[in-house]
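A.B. asks: Below is a structure I'd like to ask you about.
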Amino acid sequence: MFEELPAASLDAAVSVSVGSVPLSPGVVMLAFGGPLTELDPSSASLDSADGPVRPPLSWLRLPDSQGRLLLLLAKAQPAVTPGAVLHVADERGLADSVQIVGEAGLPALLGTTDPATLLAVLRFIAAKATGILRLSGDGDLAQSCHHLAHSLRTPERTALPVALCSHDLVMWRLPDGVHAGAGAHYALGRRGQRRVAVDGGTVILPGRQFEGGYLLPAEGDRPIHLAPASGRLPTLSDLGRRKDPQSLALYRRGVAELARRATTEESAPRLLRDLQLLAPVEQSQHCAAPDRPFGAALEMALSDHAGGVFLRGWIRDPLHLIARLSLHCPYGERQLALEEMLRFPRPDLAKKYADAPHGGIGLRPGFALHLPDGAPLPVAQWRLRLGLTTGDTIDLTAPPGITHVQSARDAVLGAIAPAHVTPEIMARCIAPAVERL
């Protein structure tokens, strides 16, 4: 694999045929100078008395004030040890024999101490270690890179720990100006490295692995130090219970990042469920005053424990003020059509609205709906948003919806009076939910 790096300021490169630095017992980096910087990596052949250099091979071309510097990252093998002679050629006719010379470290190999260049090389190593080389857990490689990143550290490039997202996951708040960017971000610890997502100026990583480590950002000229916690951190649940905007914003970012990971990390859905269970319970809200021109309630929104949700409630709308409905949770919203709701009588509400000035409860105010794919992630409480013809919106909050499987099953079976359970309601709402429970 070959990458082209945009120009950055470089000091004069060390003039050697092929310099080499071992990054770990299993990985070595070579630097081709002089005419060999014009080598075509896509057709290059590298042979020695010990045989050809075995793949995988990753290339990076660096600008240099005296020409160009071509870097090769490879697995350690006899053909790339100091003293070995390499026979280098490509399909364009370039051919030469060079001896490998050991260098003291990456700055000496590159002939520069320019922070932006060294960071670019660190990012290149991290990308290949977590990719084609499959060496994200190589502790010696991580230690070498950590040592170089530490030499580039500046106080203003420090991320502060702000919350504990699980028994080990820590959220760091990044310095101002660090965002998702156009490229990948890599976390560098003393014993490993990994590709990570940055969202809203925060990053979540295993604390024990990466405290005191570095984030290699997609943009910028220096790594970001992941400062260790100086005391007990608040949990993500603690932030969710606070009232200040900053804490709530961090809480929402943490939940959003865990939701993103839930599709690829086995532990994320369980952690989301636990956070939802410990989140502050909102008081159930409904719109039920008889003197209002409409009314509604979301009385039940229960997980079916298989990615779906069962809904039950009622709507009173004699003047047809409700134009649209949407179901909301911490991970987004879903538009609902009034026509897809299965309706049934609610005689328990008839007396309350018998003398309502704008009209009574109607023949079938009750509704039930099972959304088999409505809850791919755990949701503690749901909200039903009513969109009125005037553009106004009303939010209705259901009671907590994560319960024990048997409790959820009993609740669904008892959600509608038997006399009002039609074959369609049974087939489309109750039976599918109960089958999953």
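The values are calculated or read from the model by the stated rules, or taken from the named source; none is laboratory data. These numbers were taken from a predicted model, which means no experiment stands behind them. Neighbour counts are summed over all protein chains in view; Cβ atoms, including those assigned to glycine, are modelled from backbone coordinates with ideal geometry.
A.B. asks: Please list, ordered by residue number, the helices (runs of 4 or more DSSP H) wholly in the stretch 195-284 having 1 or more residues that are exposed (fewer than 14 other Cβ atoms within 10 Å of the Cβ) and among the hydrophobic types (A, V, I, L, M, F, W, C).
C.D. replies: Numbers: elements: 207-210, 236-241, 245-261, 267-278.
Fully inside the stretch 195-284 and qualifying: 267-278.
A.B. asks: Conditions first: (1) free of Cβ contacts under 8 Å to residues at least 60 places away in the same chain; (2) assigned by TED's automatic domain parsing to the domain that holds GLN381; (3) in contact with a strand residue (DSSP E or B) (Cβ under 9 Å, 6 or more places away or on another chain). ALA289 passes all but one, so which condition is the exception?
C.D. replies: Result: ALA289 passes all but (2).
A.B. asks: Do we find that ARG346 is more than 16 Å from ALA380 (Cβ to Cβ), modelled with pLDDT of 90 or more and touching a Phe, Trp or Tyr at 6+ places or on another chain (Cβ under 7 Å) in this structure?
C.D. replies: yes
A.B. asks: Sticking with this structure for a sec: Are any residues in the stretch 117-174 surrounded by fewer than 18 Cβ atoms within 10 Å (Cβ to Cβ) and basic (Lys, Arg), and if so, which ones?
C.D. replies: ARG134, ARG153
A.B. asks: Further question: Being assigned to a helix (DSSP H, G or I), in contact (Cβ under 8 Å) with a residue 60 or more places away in the chain and in contact with a strand residue (DSSP E or B) (Cβ under 6 Å, 6 or more places away or on another chain), is that true of even one residue in the stretch 351-369?
C.D. replies: For the stretch 351-369, residues assigned to a helix (DSSP H, G or I), in contact (Cβ under 8 Å) with a residue 60 or more places away in the chain and in contact with a strand residue (DSSP E or B) (Cβ under 6 Å, 6 or more places away or on another chain): absent.
Per-residue answers, yes or no, for (1) hydrophobic (A, V, I, L, M, F, W, C); (2) assigned by TED's automatic domain parsing to the domain that holds LEU271; (3) farther than 21 Å from ARG428 by Cα:
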{"residue": "GLN335", "(1), (2), (3)": "no, no, no"}
{"residue": "MET341", "(1), (2), (3)": "yes, no, no"}
{"residue": "PRO345", "(1), (2), (3)": "no, no, no"}
{"residue": "LYS351", "(1), (2), (3)": "no, no, yes"}
{"residue": "ALA356", "(1), (2), (3)": "yes, no, yes"}
{"residue": "PRO365", "(1), (2), (3)": "no, no, no"}
{"residue": "ALA368", "(1), (2), (3)": "yes, no, no"}
{"residue": "ASP373", "(1), (2), (3)": "no, no, no"}
{"residue": "LEU377", "(1), (2), (3)": "yes, no, yes"}
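A.B. asks: Another question, if that's okay. Could you figure out which of (1) touching a Leu at 6+ places or on another chain (Cβ under 8 Å); (2) under 30 Å from LYS75 (Cβ atoms) isn't true of GLY137?
C.D. replies: Status for GLY137: all satisfied but (1).
A.B. asks: List the number of the failed condition for ASP176; all other conditions in (1) of a type in the set (Asp, Glu); (2) within 30 Å of LEU271 (Cα to Cα); (3) modelled with pLDDT under 90; (4) outside the structural domain of VAL196 (by TED's automatic domain parsing) hold.
C.D. replies: All conditions are met except number (4).
A.B. asks: Let me ask another. Being farther than 7 Å from GLY19 by Cα and in a strand (DSSP E or B) is the filter here, so list the residues in the stretch 98-109 that pass it.
C.D. replies: Once the filter is applied, which keeps residues that are farther than 7 Å from GLY19 by Cα and in a strand (DSSP E or B), the stretch 98-109 yields VAL98, GLN99.
A.B. asks: Now for a different question. Being at pLDDT 90 or above and either out of contact with any helix residue (DSSP H, G or I) (no Cβ under 7 Å at 6 or more places or on another chain) or not assigned by TED's automatic domain parsing to the domain that holds TYR251 (or both) narrows it down to one residue among ARG208, ARG194; which is it? Even if it seems obvious, please write down each step before you answer.
C.D. replies: On the way: ARG208 fails: at pLDDT 90 or above.
Only one candidate passes the filter, namely ARG194.
A.B. asks: Looking at the stretch 34-54, is at least one residue over 23 Å from TYR186 (Cα atoms), free of Cβ contacts under 8 Å to residues at least 12 places away in the same chain and in a strand (DSSP E or B)?
C.D. replies: No, there is no match, as no residue in the stretch 34-54 is over 23 Å from TYR186 (Cα atoms), free of Cβ contacts under 8 Å to residues at least 12 places away in the same chain and in a strand (DSSP E or B).
A.B. asks: Of these, THR117, THR112, which one is part of a loop (DSSP other than H, G, I, E, B) and either of a type in the set (S, T, N, Q) or within 21 Å of PRO52 (Cα to Cα) (or both)? Write out each step before concluding.
C.D. replies: On the way: THR117 fails: part of a loop (DSSP other than H, G, I, E, B).
Of THR117, THR112, the one residue that is part of a loop (DSSP other than H, G, I, E, B) and either of a type in the set (S, T, N, Q) or within 21 Å of PRO52 (Cα to Cα) (or both) is THR112.
A.B. asks: Another question, if that's okay. Of (1) touching a residue at least 24 places away in the same chain (Cβ under 8 Å); (2) closer than 15 Å to LEU160 by Cα, ARG232 satisfies all except one. Which?
C.D. replies: In the conditions (1) touching a residue at least 24 places away in the same chain (Cβ under 8 Å); (2) closer than 15 Å to LEU160 by Cα, ARG232 misses (1) alone.
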